[in-house]
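Nothing in this text is a laboratory measurement; each read-out follows from the coordinates by a stated rule. Please read all numbers here as calculations on a predicted model, not as lab measurements. Here the Cβ positions follow ideal geometry from the backbone for every residue, glycine too, while neighbour counts run over all protein chains shown.
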Amino acid sequence: MSTLDTTTSRPLAEGTFEDRVGAATQAAYRIRHHALNMGEVQGQGYVGQALGAADILATVYTSQLTFRAGEPDWEGRDRFLLSTGHYAIGHYAALAEAGIIPVGELESYGSDDSRLPMSGMSTYTPGMEISGGSLGHGLSIAVGTVLGLRHQGSGARVFNFLSDGELDEGSTWEAAMGAHHHQLGNLTAMVDINALQADGRTDTVLRTEPLTEKWQAFGWYVQRVDGNNTAALLEAFDNAAANAKPHGQPSVILCDTKVGRGVPLLEDREKAHFMRIEEHEWQLCRDQLSNGYERTAL
Ligand SMILES: Cc1ncc(C[n+]2csc(CCOP(=O)(O)OP(=O)(O)O)c2C)c(N)n1
Ligand SMILES: [Mg+2]
């Protein structure tokens, strides 16, 4: 992601499997770093989700999506649909890493007149395909998008990022049935299973497990991975890519993640859904992030 080509469609990250894991790991670190800087401007935000989902976002943007950074509406692009509007902070960081929005713009996150509102909105931000704050609708929109692309004869793939809270919604499961019924083989969903929702732990709000068996029963190709392990993620997304075809089984990757991942100070914080972080803590967070990254890179 460091050398950005903004005019032609981006080739997928090249090199060996290890090279591609390295590219995703570095991008994930920078996404986390951006998210801390963005959160600091307002003193709060959905920072924990960005840290937890950084490895998923980095893997998809470095290794899976075809797009033109300088032409975000290019017709041939793969679509990345963020259902969970509040995860926009992480998505903006990924869009900046991908060269679709300038890194310097990130600090406007959540400010008046910014193109980067706290909840993702398609009319505000290049690369934000849908307005996803009303949870449980992203997968239905993804199903419609794949059907529309099929109708146009396009082979573009559609990715939908969901949270585990969205699995409480009946509309998500209706969409899952529709995707199987229409054999939407170009659809790949990923679920950030951080075991948390606004109201508390997911298993106390609504027990949705066993998720692998549920998605399988709905006719999907299911993989469950450590969502904070870029090698495991890359392998799963490569498997999904190998499985993708215009008519076939839709794919879902269930990603177990940890809120605040990479910053120990935030990993065990109570009320992690919307974090308030004290002024003096932001630099500590950045230090913890870079220390951890250096340790794993050794
Ligand atoms: C249809 C709908 N119902 C309720 C909400 C309010 N809401 C916003 S975030 C959230 C939590 C959803 O769970 P999840 O996305 O897993 O939370 P997180 O992991 O980010 O804590 C809720 C209920 C909403 N945005 N949309
Ligand atoms: Mg959650």
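Each of ASP287 and SER9 was given a label point 7 Å from its Cα along the Cα-to-Cβ line. The distance between the two points is 4.7 nm. Each Lys or Arg adds one and each Asp or Glu takes one away; over the other residues whose Cβ falls under 13 Å from the Cβ of THR257, this sums to -2. In this structure, the amide hydrogen of SER131, modeled 1.01 Å from its nitrogen in the peptide plane, lies closer than 5 angstrom to those of SER122, counting only residues at least 5 positions away or on a different chain.
Suppose R0 equals 25 Å. What FRET efficiency, 1/(1 + (r/R0)^6) with r the Cβ-Cβ distance, do SER108 and GLU294 give to the nearest 0.05? Efficiency at R0 = 25 Å is approximately 0.25.
Please give the length that would be gained between GLU18 and ASN37 if that part of the chain were fully extended, namely 0.36 nm times their separation in residues minus their C-alpha to C-alpha distance (nm, one decimal).
4.0 nm
Look at GLU166, GLU40 and count the other Cβ atoms within 10 Å of each Cβ; fewest to most, that gives GLU40, GLU166. Ranked by how many other Cβ atoms sit within 10 Å of their own Cβ, fewest first, the residues ASP112, ASP192, ASP256 fall in the order ASP112, ASP256, ASP192. Is segment 1-132 best put as rounded, prolate or oblate by its Cα gyration tensor, with a ≥ b ≥ c the root eigenvalues, rounded for a/c under 1.5, and otherwise prolate when a/b is larger than b/c, oblate when not? Oblate, because a/c is 1.5 or more while a/b does not exceed b/c.
How do TYR29, TYR293 rank when sorted from fewest to most other Cβ atoms within 10 Å of their own Cβ?
The most exposed by this proxy come first: TYR293, TYR29.
Each principal axis of segment 23-91 carries a Cα extent, and these read 38, 24, 21 Å when sorted largest first.
Highest GNM mean-square fluctuation among GLY148, GLY260, GLY120, for the chain modelled with Cα contacts below 10 Å: GLY148.
Let me make sure I get this right: for segment 186-298, a, b and c are the square roots of the gyration tensor eigenvalues over alpha carbons, sorted descending. Under 1.5 in a/c it's rounded, otherwise prolate if a/b > b/c, else oblate. Which is it?
The shape class here is oblate.
Across segment 252-269, rounded Karplus estimates of 3J(HN,Hα) from the backbone phi angles (6.51 cos²θ - 1.76 cosθ + 1.60, θ = phi - 60°) give 10, 10, 8, 10, 7, 10, 10, 4, x, 3, x, 10, x, 4, 9, 5, 10, 6 Hz, Gly and Pro being marked x. Each residue of segment 121-261 gets 117 Å³ once the volume of the Cα convex hull is shared out per residue.
If only the Cβ of Lys and Arg carry +1 and only the Cβ of Asp and Glu carry -1, the dipole of segment 175-298 around its Cα centre is close to 380 debye. On full extension, the segment bounded by LYS245 and TYR124 gains 40.4 nm, given 0.36 nm per residue less the C-alpha separation.
Charge tally for ILE193 (other residues, Cβ to Cβ under 14 Å; Lys, Arg +1; Asp, Glu -1): -3.
For GLN197, nonlocal amide neighbours, meaning residues 5 or more places apart or on other chains whose placed amide H falls under 5 Å from its own, are THR202.
Largest first and in whole Å, the equivalent-ellipsoid semi-axes of the chain read 27, 22, 19, each the square root of five times a Cα gyration tensor eigenvalue. Distant-in-sequence amide contacts of ARG224, defined by a placed amide H-H separation under 5 Å and a gap of 5 or more residues or a different chain, comprise LEU254.
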